[in-house]
1. Keeping to the range 153-183, report how many residues are under 20 Å from residue 81 (Cα atoms) and either surrounded by 13 or more Cβ atoms within 10 Å (Cβ to Cβ) or within 20 Å of the chain's Cα centre (by Cα) (or both).
2. Given the criteria free of Cβ contacts under 8 Å to residues at least 12 places away in the same chain, surrounded by fewer than 17 Cβ atoms within 10 Å (Cβ to Cβ) and on the phi < 0 side of the Ramachandran plot, does residue 191 qualify?
3. Answer yes if at least one residue in the range 111-122 is surrounded by fewer than 18 Cβ atoms within 10 Å (Cβ to Cβ) and over 19 Å from the mean Cα position of the chain (by Cα), and no otherwise.
4. Quick check: is even one residue across the range 168-182 within 27 Å of residue 94 (Cα to Cα), in contact (Cβ under 8 Å) with a residue 24 or more places away in the chain and out of contact with any helix residue (DSSP H, G or I) (no Cβ under 9 Å at 6 or more places or on another chain)?
5. Using the structure shown, decide if residue 186 is over 21 Å from residue 76 (Cα atoms), surrounded by 14 or more Cβ atoms within 10 Å (Cβ to Cβ) and touching a helix residue (DSSP H, G or I) at 6+ places or on another chain (Cβ under 8 Å).
6. So residue 131 ticks every box in (1) assigned to a helix (DSSP H, G or I); (2) farther than 20 Å from residue 77 by Cα; (3) within 16 Å of the chain's Cα centre (by Cα); (4) touching a residue at least 24 places away in the same chain (Cβ under 8 Å) but one. Which box is left unticked?
7. Within the range 144-167, how many residues turn out to be closer than 14 Å to residue 118 by Cα and either in contact with a helix residue (DSSP H, G or I) (Cβ under 7 Å, 6 or more places away or on another chain) or assigned to a strand (DSSP E or B) (or both)?
8. Out of 62, 81, 25, 55, which single residue is more than 18 Å from residue 106 (Cα to Cα) and either in contact with a helix residue (DSSP H, G or I) (Cβ under 7 Å, 6 or more places away or on another chain) or at pLDDT below 75 (or both)?
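The values are calculated or read from the model by the stated rules, or taken from the named source; none is laboratory data. Everything numeric in this text was worked out from a predicted model, so none of it was measured. Positions of Cβ are backbone-derived with ideal geometry, glycine not excepted, and every protein chain shown enters the neighbour counts.
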């Protein structure tokens, strides 16, 4: 084929070669697209598996915190002048349709006081705020305690100082690890908020 003077046959041949190259390119594009979609599905599946595993681990750590705190609650609140008769764990309230409307990690109960305890592996301000919302609706969600004085407490394996200070200012007892034991971080000036 002469570039200076292409014939109609040369142009036609060039057109067929370009069309064939385009067809091959489109086919490779579709193959690449299918491959990437498959890889994306596989990656998403693996991400879901890891997310589920992390969720299970986080739940297990939360359960570990509950198991550390539960035996200490009676002693800790007795030291605060609050006698505890029962410690209940994993209390759930449902609405009329059977939907969960409130979940409580631990309840420390006597004849007129209920302390609602939130246990986390790592306590954050978001978790403190979530707990404050639960406390606002506690009496309506758990009507058997409607005539009780409701107090709140938070605890975590990891409890940043700024989160502990925030919870304290919001009127919550702050329970934290102290050496090999659990202790209440609130000082003698602390006045717990009642719900």
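1. Qualifying residue count, the range 153-183: 12.
2. Working: free of Cβ contacts under 8 Å to residues at least 12 places away in the same chain: no; surrounded by fewer than 17 Cβ atoms within 10 Å (Cβ to Cβ): yes; on the phi < 0 side of the Ramachandran plot: yes.
No; evaluated as a whole, the condition is false for this residue.
3. First, pick out the residues of the range 111-122 that are surrounded by fewer than 18 Cβ atoms within 10 Å (Cβ to Cβ): 111-112, 121-122.
Now drop any that are not over 19 Å from the mean Cα position of the chain (by Cα), which leaves 111-112.
Taking every residue of the range 111-122 in turn, at least one turns out to be surrounded by fewer than 18 Cβ atoms within 10 Å (Cβ to Cβ) and over 19 Å from the mean Cα position of the chain (by Cα).
4. The answer is no, given that none of the residues of the range 168-182 is within 27 Å of residue 94 (Cα to Cα), in contact (Cβ under 8 Å) with a residue 24 or more places away in the chain and out of contact with any helix residue (DSSP H, G or I) (no Cβ under 9 Å at 6 or more places or on another chain).
5. no
6. (2)
7. 11
8. On the way: 62 fails: more than 18 Å from residue 106 (Cα to Cα); 81 fails: either in contact with a helix residue (DSSP H, G or I) (Cβ under 7 Å, 6 or more places away or on another chain) or at pLDDT below 75 (or both); 25 fails: either in contact with a helix residue (DSSP H, G or I) (Cβ under 7 Å, 6 or more places away or on another chain) or at pLDDT below 75 (or both).
Matching residue, one of 62, 81, 25, 55: 55.
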